[in-house]
Amino acid sequence: MTVKAYGAHAGDQPLVSLDITRRDVGAHDVQIDIAYCGVCHSDLHQVRGEWAGTLYPCVPGHEIVGRVVAVGAHVSRHKVGDLVGVGCMVDSCQGCADCEDGLEQYCDGMVGTYNGPTADAPGHTLGGYAQQIVVHERFVLRVRHAEDQLAAVAPLLCAGITTWSPLRHWNAGPGKRVGIVGIGGLGHMGIKLARALGAHVVAFTTSESKRQDALALGAHEVVVSRDPGAMAEQAKSLDLIVNTVAAPHDLDAFLNLLKRDGTMVLVGAPSTPHPSPQVFNLIMKRRALAGSMIGGIPETQEMLDFCAEHGIVADIEMIRADEINAAYERMLKGDVKYRFVIDSATLAG
C-alpha cells in the first residue's frame with residue numbers, strides 16, 4: 001500500500017513530499033488513517049542527523065492520532081471506527097522482564113515508530129508524517145477524548161507521557177511540591193499534569209514573558225531561573241523536579257532546590273552533555289539525579305484516560321504538511337505555544 005508522507009533523503013536536505021509503502025495488515029495488526037501528527041523536538045534531531053544512526057529516507061512523527069480502518073483476524077483490542085493513538089514505539093521483544101512489566105520503552109528490542117529496525121521496506125520504520133500507518137495492536141492506544149479535541153490529543157503520545165511517567169513514578173500528588181523546568185512542549189504538559197494530580201506546582205523559566213502563561217497552565221508559582229534571589233527563595237523546598245530543558249545547563253542550580261531525599265528527573269535530551277553536577281549537592285541531602293523515558297503502553301493508556309477524564313489536552317498550533325520546514329526553524333527559536341501538529345489531510349496535496 002502506497003501512501004503520501006513527508007520526510008528527508010539526507011540530514012542536510014529539507015523535508016519533502018514522499019511516496020512510501022506500508023505493509024499489508026497482518027493477523028495482529030491495526031491499520032490507521034492518520035488524522036494528525038504532533039511535531040516533537042526529537043523529530044528534528046533525528047531527521048537532521050544530529051543524533052547518530054539516522055536511516056534515510058527518514059519520515060519522522062511519533063505523536064499519532066487517527067481512526068482504525070482495518071484490523072487483522074486476531075485483533076481483539078480495537079475495531080474499525082475506533083479513535084486511537086500511536087506513540088514513540090511500534091514493537092518490542094514482548095518477552096523480557098521490561099515487556100512483562102509493561103515497561104516496553106526500556107526493552108533492548110524496543111522498535112521506535114521511526115528509524116527502528118523492521119522487515120518492512122525500506123528496512124526501517126517510517127513515522128507519522130504520513131496518511132496511514134500499520135501497527136501491532138499491542139502498541140495502539142484507545143483515545144476517549146471527544147473527536148473535536150483529537151488534534152490537541154496528539155502531543156500527549158510523547159510530550160504527555162514523557163512528563164506523566166516520572167510524575168507517577170515519583171508519586172507526585174497532594175502534599176508534594178513539584179518543580180517543572182522549562183515551559184515548552186514537554187514543560188507545558190508537565191504543569192498541567194502535575195496540577196491535575198494534586199501537587200503544588202512551581203514552574204521555572206528563563207523568560208519573564210512566560211510568567212502569565214505558566215500561571216494559566218496551572219502553575220501555583222513561577223520562578224525566573226535567571227533571578228538568583230527568586231531561586232534562593234526556593235532552596236530545599238521541592239520534593240521532585242521534572243527537568244524538560246533540551247539544552248546543556250547548570251544542574252546544580254536546580255539540585256539546590258530539592259529537599260532531603262528529593263529527586264530531579266531529566267527528560268529533556270540535549271545534543272551535548274550537561275556540565276557535571278557537584279557530588280556534594282547530592283550526598284549532603286541524599287538527593288537523587290535520575291532520568292526517565294516516555295512510558296510503557298499500560299502507563300500511556302492510563303495517562304490518556306486520565307487526560308480524557310480531566311479535560312486535558314496540549315496547547316497546539318496546526319500546520320500544513322508543507323509548512324514543516326518553517327515549523328522546525330520556529331521550533332528551534334522556541335516560537336511555538338506549545339506544540340506544532342500536522343493536519344494529515346494536507347499531505348494529499
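The values are calculated or read from the model by the stated rules, or taken from the named source; none is laboratory data. As the structure is a computational prediction, the values presented were derived from the model and not from experiment. For neighbour counting, all protein chains shown are included, and Cβ atoms are generated from backbone atoms with ideal geometry for every residue, glycine included. Quick note on the areas: whole protein, heavy atoms, side chains included, nothing else; ligands and nucleic acids left out. Shrake-Rupley method; radii C 1.70, N 1.55, O 1.52, S 1.80 Å.
For the reader, a short list of remarks on this structure follows.
- For Gly349: the one exception among (1) at pLDDT 95 or above; (2) on the phi > 0 side of the Ramachandran plot: (1)
- Count of the stretch 12-34 residues which are open to solvent by 30 Å² or more (accessible area, probe 1.4 Å) and of a type outside the set (Asp, Glu): 9
- For Ala27: the one exception among (1) within 13 Å of Ile133 (Cβ to Cβ); (2) assigned to a loop (DSSP other than H, G, I, E, B); (3) aliphatic (A, V, I, L, M): (1)
- Residue in the stretch 144-161 that is part of a strand (DSSP E or B) and buried (at least 20 other Cβ atoms within 10 Å of the Cβ) present: no
- Out of Val69, Val75, one residue alone is out of contact with any Leu (no Cβ under 7 Å at 6 or more places or on another chain), at pLDDT 95 or above, more than 23 Å from Gly7 (Cα to Cα) and in a loop (DSSP other than H, G, I, E, B). It is Val75.
- Candidate set: the stretch 296-333, residues that are acidic (Asp, Glu) and not in a helix (DSSP H, G or I); chosen: the one farthest from Ala348 (Cα to Cα): Asp315
- Members of the stretch 37-66 that are touching a strand residue (DSSP E or B) at 6+ places or on another chain (Cβ under 6 Å), crowded, with 24+ Cβ neighbours inside 10 Å and in a loop (DSSP other than H, G, I, E, B): Val39, Val59, Gly61, Glu63
- Close pairs from the stretch 315-330: first over 14 Å from Pro60 (Cβ atoms) and open to solvent by 50 Å² or more (accessible area, probe 1.4 Å), partner modelled with pLDDT under 95 and not in a helix (DSSP H, G or I), Cβ under 6 Å, at least 6 apart: Asp315/Lys337; Asp315/Tyr338; Glu317/Val336; Arg330/Val336
- Residues located in the stretch 78-102, provided they are closer than 18 Å to Ile161 by Cβ, part of a loop (DSSP other than H, G, I, E, B) and open to solvent by 30 Å² or more (accessible area, probe 1.4 Å): Asp101
- Candidate set from the stretch 232-250 (those that are assigned to a loop (DSSP other than H, G, I, E, B) and surrounded by 21 or more Cβ atoms within 10 Å (Cβ to Cβ)); member that is farthest from the chain's Cα centre (by Cα): Val245
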